[in-house]
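Novice: Dropping the structure in here first, questions after.
The values are calculated or read from the model by the stated rules, or taken from the named source; none is laboratory data. Model, not experiment: these values are computed from the prediction. Don't worry about glycine lacking a Cβ; one is built from the backbone with ideal geometry, like all the others, and counts go over all protein chains shown. Side chains included, ligands, DNA and RNA excluded: accessible areas come from the protein's heavy atoms. Shrake-Rupley method; radii C 1.70, N 1.55, O 1.52, S 1.80 Å.
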Amino acid sequence: MRVAGSPFCKVVTSHLPRMHHPSAFRLMSIAGGLKNSPIFRSLGLIGGKWIGAHDGNTLKVNNPSTGEIIANVPFMGGRETNDAISSAYDAFNSWSKITAAERSKYLRNWYDLIMSHKEELGQLITLEQGKPLKEALGEVSYGASFIEFFAEEAKRVYGDIIPATLADRRLFVLKQPVGVVGAITPWNFPLAMITRKVGPALACGCTVVVKPSELTPLTALAAAELALQAGIPPGVLNVVMGNAPDIGDALLASPQVRKITFTGSTAVGKKLMTGAAGTVKRLSLELGGNAPCIVFDDADLDVAVKGALAAKFRNSGQTCVCANRVIVQEGIYEKFAEAFSKAVQNLQVGDGFTEGVVQGPLINEAAVQKVESFIQDAVSKGAKVILGGKRHSLGMTFYEPTVVTDVRSEMLLAREEVFGPVAPLLRFKTEEEAIRIANDTNAGLAAYIFTNNVRRTWRVSEALDYGLVGVNEGIISTEVAPFGGVKQSGLGREGSKYGIDEYLELKYICLGDMTRK
Ligand code: ADP
């Protein structure tokens, strides 16, 4: 048994019994250690000040692994959100006018501070979100990479000069920041979903009001504290949390907010899209997926098993790019099902701070009930659970890593995102059939294919109605490549040189009367 070796979290564990689920004492010590960390914050951030809700109301933040209450944070609403918008609006004036090189330096400082606090941020993520510490530390590096990348991109926001159609004119294109941005983020990546948005926004001169998920606000607040320490001026980055619909409505209603960027469910994304119409705001939406993971007969079995395992079970299946349907060609189906199940059986479930654990708890009881109802639906329609299929003996919201065979397209498991550690296996005969099954959904975020045939790789990649395609690889997201979906998986792209365009307006400037001396 091991506890991360942060200076803020020295815990003596030698006398504790060896088990997957750590004692309440140990977890309280981790939480206690983190609370003494200089980056631990449990108030909202408005105009550079740490602030509570105006009526003093709070909400509890839980550790999903134990149910322990880690902190109380302000339960804010429209009023605090409007204050945050005003601060961001005031700060925009100066932040958008300093040089790109200066903004780049601030972001670089922030990146360096995030990386030098990697251990505490990782622990906070594990504590409030539940993912294994190793994965949480991976998220810190991944999340920080967006700040580093956009610190560099800040200096490359080039405009254009267009050859004029009349001799006495000169035509220019200027790229300018859209203004105040409202960023609404989910709980499954408490840091990375924020940095993916705030990095490019700040780089090009926008200011931001972030609303993290109420389930995981502590990582967001710690990251905001580091932004202040990096010298990012007050009001440039604000954080509010509490009543999500009220905060969302305030962001939507304000004419000062010029853009909403959101990662979360398709249902809330649609609401925001409707709400943004009132003030005609720019929108970026990263919504749900229903990722197919197609394994062809000609795939390398080991590569396919390893890739499908990573794509499916990362964060206990709670990511929007998680393989939601493993679609396997009939010639390799039995062999794959056997090898895959063996690999899934080896996934150790437990508290994220325990060494060797690769599957943490699900985020809450509703998430477990959703998984249970999907399994029930599939079984009632003829699917077979060959591994797992029930709550884990650890209790709480732990669920057994599960493999279900004989899944068909009409079952809930194939139609909707299960967002849990359940791999449904579907069978197909021909390449055309695989493409048809894969595209038979309203979602279009990530898809994975496993094949050793180069021509097939191109054919299938081109035919898939998805924003991202992984070939012989299950983990493909990186700050240097565009991330985003088609169809009802969303609008816009995050990361890469394209990601910054989401925060920029193009202004065409025409100079006339240029031939006069
Ligand atoms: P999930 O099911 O993954 O939690 P949600 O879409 O419900 O996805 O949540 C994503 C983010 O959207 C969270 O920060 C949540 O608080 C926020 N949210 C939920 N409902 C609304 C709403 N009506 N307006 C604005 N934000 C909302």
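Novice: What figure, in Å² to the nearest 10, do you get for the accessible area of W95 with a 1.4 Å probe and non-protein molecules left out?
Specialist: Spelled out: W95, probe radius 1.4 Å, area about 0 Å².
Novice: I would also like to ask the following. Top to bottom by accessible area (1.4 Å), largest first, where do L511, L171 land?
Specialist: The residues order as L511, L171, largest area first.
Novice: Give, rounded to the nearest 20 debye, the magnitude of the charge dipole that segment 291-472 has about its Cα centre when Lys and Arg contribute +1 at Cβ and Asp and Glu contribute -1 at Cβ.
Specialist: Working: 19 positive and 23 negative charges, 16 e Å.
Dipole size: approximately 80 debye.
Novice: Cα centroid distance between segment 351-387 and segment 401-445, in Å?
Specialist: Each part's Cα centre sits 16 Å from the other's.
Novice: Counting other C-beta atoms within 10 Å, and keeping those with at most 15, which DSSP coil trypsin sites (Lys or Arg not before Pro) do you find in segment 43-126?
Specialist: K97
Novice: May I pose another question? How long, wide and thick is segment 96-170, going by the Cα atoms along their three principal axes, in whole angstroms, largest first?
Specialist: Projected onto its principal axes, the Cα set of segment 96-170 covers 65, 22, 15 Å.
Novice: When the helices in the chain are scored as -39500 (n - 2.57) per DSSP H run of 4 or longer and the sum is shared across all residues, what 222 nm value do you end up with, to the nearest 500 deg cm²/dmol?
Specialist: Value at 222 nm, helices only, nearest 500: -12000 deg cm²/dmol.
Novice: OK, next. Quick one: Cα convex hull volume of the chain, Å³ per residue?
Specialist: 152
Novice: Any idea of T430's accessible area? Nearest 10 Å², probe 1.4 Å.
Specialist: Per-residue accessible area (T430): approximately 60 Å².
Novice: Which GluC sites (Glu not before Pro) does segment 297-377 hold that lie in a coil by DSSP with at most 15 other beta carbons within 10 Å?
Specialist: Working: sites: E330, E334, E338, E355, E365, E372; in loops: E355.
Hits after loop and neighbour filter: E355.
Novice: Same structure, new question: What is the P(r) of segment 195-291, as percent of Cα-Cα pairs per 10 Å bin from 0?
Specialist: Cα pair-distance distribution for segment 195-291, in percent: 14, 47, 33, 6, 0.
Novice: Translational diffusion coefficient, Stokes-Einstein: compute it for segment 344-385 using the Kirkwood radius over C-alpha pairs as Rh, at 25 °C and 0.890 mPa s, and state it as an integer in µm² s⁻¹.
Specialist: 203
Novice: If one computes the Cα centroid of segment 184-220 and of segment 299-337, what distance in Å separates the two points?
Specialist: When both Cα centres are located, 30 Å separates them.
Novice: Rounded to the nearest percent, how much of the accessible area of the chain (1.4 Å probe, protein heavy atoms only) is carbon and sulfur?
Specialist: Numbers: 11140 of 20570 Å².
For the chain, the apolar C and S fraction of the accessible surface comes to 54 percent.
Novice: I would also like to ask the following. Rank R282, R456 by accessible area, highest first, at a 1.4 Å probe radius? Could you put the intermediate results ahead of the total?
Specialist: Values: R282 70, R456 35 Å².
Output order, biggest surface exposure first: R282, R456.
Novice: How do the peptides 290-299, 251-260 rank, highest first, by the average count of neighbouring beta carbon atoms within 10 Å per residue?
Specialist: Numbers: 290-299: 23.5, 251-260: 21.3.
Top of the packing list down: 290-299, 251-260.
Novice: Quote the accessible area belonging to H54 in square angstrom, nearest 10, computed with a 1.4 Å probe and with ligands, DNA and RNA left uncounted.
Specialist: 100
Novice: Counting only DSSP beta bridges with both residues in segment 291-472, tell me the antiparallel percent, nearest 5. List each step's numbers first, then the result.
Specialist: Values: 4 of 24 bridges.
Once the DSSP bridges in segment 291-472 are tallied, antiparallel ones form about 15 percent.
Novice: How would S496, S461 line up by accessible area, probe 1.4 Å, largest first?
Specialist: Most to least solvent-accessible, the answer reads S461, S496.
Novice: Can you give me the pair-distance distribution of segment 386-513, C-alpha pairs, 5 Å bins, whole percents?
Specialist: Taking every Cα pair in segment 386-513, the percentages come to 2, 8, 13, 17, 16, 14, 10, 7, 4, 2, 2, 1, 1, 1, 0, 0.
Novice: What percentage of all Cα-Cα pairs in segment 321-428 are separated by more than 23 Å?
Specialist: Tail fraction, whole percent: 24.
Novice: Normalised radius of gyration for segment 291-472, please: alpha carbon Rg relative to 2.2 N^0.38 Å, two decimal places.
Specialist: 0.97
Novice: Would you mind giving the average projected area, over all directions, of the Cα convex hull of segment 257-323 in nm² with one decimal?
Specialist: 5.8
Novice: Which of the peptides 474-483, 136-145, 195-204, 311-320 is most tightly packed, and how do the rest follow, going by the mean number of other Cβ atoms within 10 Å of each residue?
Specialist: Values: 474-483: 17.3, 136-145: 22.3, 195-204: 28.9, 311-320: 25.2.
Order by mean packing, descending: 195-204, 311-320, 136-145, 474-483.
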